[in-house]
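The numbers here are math on the coordinates, done by the rules we state, and not lab data. The structure displayed is predicted, hence computed values, not measured ones. Cβ coordinates were reconstructed from backbone atoms using ideal geometry, including for glycine residues, and neighbour counts include every protein chain displayed.
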Amino acid sequence: MNINILAIESSCDETSAAVVINGKVVNNIIATQQIHEKYGGVVPELASRAHQQNIVPVVQQALFDANISKRALHAVAFTKGPGLLGSLLVGASFAKSLAQALEIPLIEVHHMQAHVLSHFIEDPKPNLPYLCLTASGGHTQIIQANNYLDMQILGETKDDAVGEAFDKAAKLLGLPYPGGPMVDKIAREGNPQAFKLPDTEVPGLDFSFSGIKTAFLYLLRDKQRETPDFIKNNLADLCASIQDKLIRMLLDKLEAASLQTGIKEIGIAGGVSANSKLREELKTMGAKNGWKIYTPSLQYCTDNAAMVAIAAHFKYKEGRFSSLDISPTPRYRL
Ligand code: KG4
Ligand code: ZN
């Protein structure tokens, strides 16, 4: 018998639905909310309203695309958290209602666990145990996955997430939200050594990005004072320098985690894993250390329901279902 699961992701500003059949993700429909761009960041109230508008068409599209009727579903999955409460509520309520109406199991999925499992959507898949750096707008963690559903956080950020650092640096440079992809693009023309940014000492495998953001702010403020066109004249070098610093901080800790655990199966996930320089540098570091590295396709790096679907498939096989009185958890530890 086939196992057909519909998965919904609505933790932040992407409304997404995907269908997974027998562990094979057949589609990944994403409605990106453009409305936040003019505000320079995600506005929670607007995000939940947009999810409310998008959820039905996105789910219908996913089912239509997969050529599957609602009646053929065996379970409905949704992101329980972490994320924005209003956004999570839209996906959770929709999934619960559908599960109840169809009298099929409901499956809750942890958003960060789903990012880690994005490596199991396509080949090649990591061998377990593997280490995954999850770097997004809300999180920066090094996770050891011992099994599909058994994961342990080895290190994490003590303040800002690295995606947030990218976005804040971009904002200081006058770039539109979300700034990460813009910094990535513009940095290709710049010199990463042009501006030195201070080192941040954080013990163990943890991270801290708030100091670097402040240092960048002071650098821009002082230089702009001397030369009003400083940012405009040095945009590519500034993007390359801040990007290089952030990537170095990520990779140094990932290397330390591999040394500490002896694990050489290494993956990156989350929105920042779409960064072209990070992918390139990871390859170089991997070659040096004899790692096998795994980078998801770009559509599975940023928020998507395909990763929720694959996580739900593993949970379905273990019979890990949720009760219908469940509610989202905006701050949700792995
Ligand atoms: O995983 P994600 O889509 O949403 C969260 O769960 O946060 O990650 C979004 C973050 C944003 O901060 C965005 O700027 C960053 O990922 N991002 C990038 C790139 N693409 C997305 N950062 C650097 N370079 C990129 N190419
Ligand atoms: Zn995410």
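What aspartates and glutamates could a cross-link reach from Lys232, if we take a straight Cα to Cα line under 17 Å and drop same-chain neighbours fewer than 8 places away?
Lys232 reaches Asp184, Glu189, Asp222.
Distance from the Cα centre of region 121-140 to that of region 1-43, in angstrom?
One Cα centre to the other: 18 Å.
Loop-only check: which GluC sites (Glu not before Pro) in region 230-334 are DSSP coil with at most 14 other Cβ within 10 angstrom?
Glu318
How far is it, in nm, from the label point at Leu324 to the one at Arg188 when both lie 7 Å from their Cα along the line to the Cβ?
5.1
What number comes out for the charge environment of Ala47, summing +1 per Lys or Arg and -1 per Asp or Glu over other residues with Cβ under 10 Å away?
Summing Lys and Arg as +1 and Asp and Glu as -1 gives -2.
Over the chain, consider all pairs of different Cα atoms and compute the Kirkwood hydrodynamic radius from their mean reciprocal separation; express it in Å, one decimal.
Final number for the Kirkwood radius of the chain is 20.4 Å.
What are the ³J(HN,Hα) couplings of region 94-110, residue after residue, when phi is run through the Karplus curve with 6.51, -1.76, 1.60 and θ = phi - 60°? Round to Hz, x for glycine and proline.
5, 5, 5, 4, 5, 4, 5, 4, 8, 6, 10, x, 9, 10, 8, 10, 7
When the dipole is taken about the Cα centre of the chain, and only Lys, Arg (+1) and Asp, Glu (-1) are charged at their Cβ, what size is it in debye, to the nearest 20?
Dipole about the Cα centre, nearest 20: 200 debye.
Given the options Ile293, Leu217, Met182, identify the residue whose Cα lies farthest towards the positive end of the charge dipole of region 127-295 (+1 on Cβ of Lys, Arg; -1 on Cβ of Asp, Glu).
Looking along the dipole axis, the top candidate is Met182.
Placing unit charges on C-beta atoms (Lys and Arg positive, Asp and Glu negative, everything else neutral), compute the dipole magnitude of region 127-295 about its Cα centre in debye, rounded to 20.
340
Pull up all non-local amide H partners of Asp160: gap of 5 or more, or a different chain, and H-to-H distance under 5 Å with H placed in the peptide plane.
Those qualifying (amide H under 5 Å, at least 5 residues apart or on another chain) are Phe209, Ser210.
Taking 32 Å as the cut-off for C-alpha to C-alpha distance, list the pairs among Lys158/Lys264; Lys264/Lys317; Lys292/Lys315; Lys158/Lys288; Lys96/Lys264; Lys24/Lys292 that go past it.
From the list (Lys158/Lys264; Lys264/Lys317; Lys292/Lys315; Lys158/Lys288; Lys96/Lys264; Lys24/Lys292), the Cα-Cα distance tops 32 Å for Lys96/Lys264.
Within region 91-135, list the residues whose amide N lies under 19 Å from a label point set 7 Å along Cα→Cβ of Lys70.
91-107
DSSP loop trypsin sites (Lys or Arg not before Pro) in region 226-269 with at most 16 other Cβ atoms within 10 Å of their Cβ, which ones?
Lys264
List the residues of region 158-174 whose backbone N lies under 11 Å from a point placed 7 Å from the Cα of Asp222 along the Cα-to-Cβ direction.
none
Please list, ordered by chain and number, the residues whose modelled amide H lies under 5 Å from the amide H of Ser322; skip anything fewer than 5 residues away on the same chain.
Leu106, Ile107, Glu108
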